[in-house]
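Just so you know, all these numbers are worked out from the coordinates, no wet-lab data involved. Quick caveat, the model's predicted, so the values are computed rather than measured. Note that each Cβ is placed from the backbone with ideal geometry, even for glycine, and that neighbours are counted across all protein chains shown.
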């Protein structure tokens with residue numbers, strides 16, 4: 001599969017090369033959490049099939065302070081990002097706990113924060129060092145109105161990232177964040193500059209989410225009808241015994257997969273897992289919520305193949321509408337996404353192999 | 001040895017009239033103050049034992065009431081032996097919706113389908129907008145069973161399902177899917193033929209060039 005371009009709005013900072021690789025705490029440890037590019041989770045020197053984009057070192061000249069900048073450290077990330085506090089940071093606990101004494105432990109998975117000495121992390125002396133936040137806030141607002149807010153957002157982040165030691169509010173907020181489940185977290189506890197950054201990120205994420213799946217939610221939901229049909233065709237190729245068993249039991253894909261498509265698996269997995277999964281979707285490109293999701297759903301179904309093939313109609317339907325995913329963590333989601341990526345690689349450019357049967 | 005019968009039942013009706021709550025009460029004898037809206041449809045089973053010892057097993061498809069899911073409904077009422085069309089006694093518009101569902105069932109569903117009209121939320125009689133007389137009169141005109149229920153208190157819930165069970169044919173082989181003896185064999189055989197045909201089609205009419 002060819003390397004894909006980075007997301008159209010790269011400030012979201014998802015590194016397409018990293019989604020299927022394990023997180024090493026060493027990487028996290030060096031992360032400057034306010035740089036989105038910090039979610040480069042690839043181990044150094046890793047040369048896995050998942051690395052779709054070649055390692056690139058950013059050697060940008062130190063530009064004006066308002067320019068979005070790459071991470072200061074040599075980065076394998078091909079996307080330049082400035083907006084921090086994206087979902088990746090907010091959630092992204094890894095099933096691989098930090099080892100050793102990483103300077104920035106991701107307590108309960110919250111990897112934002114850190115930098116007790118932010119100045120050290122910005123050799124270019126950029127962005128946040130010594131900036132006054134109220135000034136920056138005004139600039140952010142202007143930038144949002146004008147539509148070209150990326151540089152200004154960088155400053156918003158600058159404003160939002162005074163050192164923890166000097167910002168008791170933020171320290172408090174992070175304490176709260178660290179101990180809270182995303183499902184129940186109250187965003188009003190966060191400082192305003194952080195909320196502003198989150199708002200911008202949220203808007204981008206929602207736009208990306210909806211762009212690809214509008215026809216899921218129009219009259220008669222043709223997008224979902226099509227996706228379910230294609231999913232059935234796909235499963236017919238990747239797991240013949242399962243497909244035949246479902247057919248024999250008169251189970252129709254629409255009877256269970258409709259919900260998987262309609263709610264993007266939100267009813268099947270926890271919010272935390274959903275965030276991890278959608279994070280990959282957001283990075284995979286504008287079509288991921290309609291296309292890649294198909295492969296995820298197929299992998300999700302095939303995962304239970306052995307069990308399902310021993311069940312009858314009632315057992316299958318009941319099982320599929322209350323799947324045992326309550327204990328799922330990042331590891332299970334990452335395995336699922338990996339499998340989906342394999343299916344996507346094999347089948348996505350081989351449509352005629354499974355359509356028109 | 002008592003008789004075991006299996007029937008497919010579908011719930012239809014406007015959004016938020018209490019279809020899922022009704023089924024939850026019937027199947028688990030529970031009630032949730034907050035329920036997520038149903039997406040597509042949910043599947044449950046429950047058995048009813050009649051006075052003569054006959055055990056009737058219901059395979060229940062609890063459909064989503066929101067208008068956008070309407071196109072899915074035929075998949076669920078197709079081959080259904082009985083339908084419970086639910087309205088909310090505090091919302092007269094929901095009875096109108098129920099009438100539409102009943103018309104659709106009479107036109108499209110199996111002609112032998114047994115339809116029960118069910119006015120839910122009878123615990124909210126103080127806010128009643130649909131009188132018992134009006135609903136009952138309509139049900140009689142259309143030849144439907146009718147009852148009022150409260151999923152919250154449980155009033156009338158098991159009664160209406162038991163009444164349906166009694167009205168269902170006790171001899172005819174239910175047209176249910178898997179598990180219903182002879183039909184399973186037939187279905188299995190048919191799908192086998194389909195699969196063979198598919199394989200032949202692939203080998204003779206391969207859509208790709210490799």
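Structure notes:
- Averaged over the residues of A:239-249, the number of partner chain Cβ atoms lying within 10 Å of the residue Cβ comes to 3.
- Efficiency of FRET from Cβ geometry, residue B:134 and residue A:287, R₀ 56 Å, rounded to 0.05: 0.60
- Highest to lowest packing among B:105-115, A:247-257, B:68-78, scored as the average C-beta count within 10 Å: A:247-257, B:68-78, B:105-115
- Taking other C-beta atoms within 10 Å as the exposure proxy, B:54, A:274 rank B:54, A:274 from fewest upward.
- The ranking of A:276, B:103 by Cβ neighbour count inside 10 Å, starting from the fewest, reads B:103, A:276.
- The mean sequence distance of close C-alpha pairs (under 8 Å, at least 6 residues apart), as a share of the length of region A:210-351, puts its relative contact order at 29 percent.
- With viscosity 1.306 mPa s and temperature 10 °C, the Kirkwood radius over alpha carbon pairs of region B:40-105 converts through Stokes-Einstein to a diffusion coefficient of 117 µm²/s.
- Translational diffusion coefficient (Stokes-Einstein; Kirkwood radius from C-alpha pairs) of region A:277-323 at 10 °C, 1.306 mPa s, in µm²/s: 132
- Of the residues B:145, A:231, the one with the fewest other Cβ atoms within 10 Å heads the list, and the complete ranking is B:145, A:231.
- For A:212-219, mean number of other protein chain Cβ atoms within 10 Å: 1
- The Cα center of region B:1-77 and the Cα center of region A:199-221 differ in position by 32 Å.
- Shape descriptor for region B:61-142: Rg over Rh equals 0.97 (Cα atoms; Rh from the Kirkwood inverse mean 1/r).
- Scaled radius of gyration (Cα, divided by 2.2 N^0.38 Å) that region A:229-311 gives: 1.11
- Rounded to whole Å, sorted largest first: equivalent-ellipsoid semi-axes of region B:1-150, Cα gyration tensor: 23, 18, 17
- Averaging 1/r over every pair of different alpha carbons in region A:296-349 and inverting the result gives a Kirkwood radius of 12.2 Å.
- Shielding by partners for peptide B:55-67, expressed as the average number of C-beta atoms from other protein chains within 10 Å of each residue's C-beta, is 1.
- Cα-based shape type of region A:210-351, given that a ≥ b ≥ c are square roots of the gyration tensor eigenvalues and the cut on a/c is 1.5: rounded
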